[in-house]
Amino acid sequence: MANDVCIMSLDAPTERAEDDKALVSAAQSDTVAAGRLFDKYYSEIFRYIYHSTLNHAVTEDLTSNVFFCAFRRLRFFRWRSIPFRAWLYRIAINELRMHHRRQKRMDAANASLVEPEYPEVAPSGEMTAAALDDYRLLHRALLKMGQKYRTVIVLRYFEGKSLAEICEITNRREGTIKGQLHRALAQLKEALAQAGVTLR
């Protein structure tokens, strides 16, 4: 499937871009280097997508799509100060956007909302049943948010990305990201309050 986000570029340079430069250059013609690049980033991209879907099977499919798209276009990748890691995230965001659009069409056709699966990995090692219920409620609220708000919330609070990293990934200015985070948190608090959960 053609995907324009595969060739999108970013302007802000990062140290990680320099660190990855030799590996990405090698991966453009060497399958062993491509495998190392895949191993380096697979878990991170998988985790981000899982936090955005709470569905293991869907996450596996979308993560595979991300790397298929990335490696299919890797020979066209140019280093104009483009962070490779941010490029992968942008592909992942696009895959998630398409997935949620498909899901909305399916939900409309079925006239019912598909419940997210029970979380397979809890946020902490020890978790009470009540805390796990709160965790699921939080994800349900996230899944109902607009894509841009869900993206910044997951990147900031689930993935622990800095504002600078989120700006690289989304290609947005810091002021825009701060505004989106503020509005997204307000929406989350309201949705959770209606469900009887207080967001600290």
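The values are calculated or read from the model by the stated rules, or taken from the named source; none is laboratory data. Since the structure is predicted, the reported quantities are computational estimates derived from the model, not experimental observations. So basically every Cβ, Gly included, is an ideal-geometry build from the backbone, and we count neighbours across all protein chains shown. Surface accessibility is based on the protein's heavy atoms, side chains included, excluding ligands, DNA and RNA. Shrake-Rupley method; radii C 1.70, N 1.55, O 1.52, S 1.80 Å.
A 1.4 Å probe, protein heavy atoms only, puts the accessible area of S29 near 110 Å². Rolling a 1.4 Å probe over the protein heavy atoms leaves F71 with an accessible area of roughly 70 Å². Simple spin-label estimate for Q147 and R105 gives 1.3 nm between the two label positions (7 Å along the Cα-to-Cβ direction from each Cα).
Y42 to A26: extension gain in nm, 0.36 nm per residue of separation minus the Cα-Cα distance? Please list the in-between numbers first.
On the way: separation 16, 0.36 × 16 = 5.76 nm, distance 1.78 nm.
Fully extending the segment from Y42 to A26 adds 4.0 nm.
Straight-line reach from K148: which lysines have Cα under 18 Å away, leaving out those fewer than 8 places along the same chain? Within reach: K104, K161, K178, K189.
Counted residue by residue at 0.36 nm each, then reduced by the alpha carbon distance between them, the extension gain from A164 to D61 reaches 34.2 nm. Only Cα pairs under 8 Å and 6+ residues apart enter the sum, and on that basis the relative contact order of region 141-184 stands at 42 percent.
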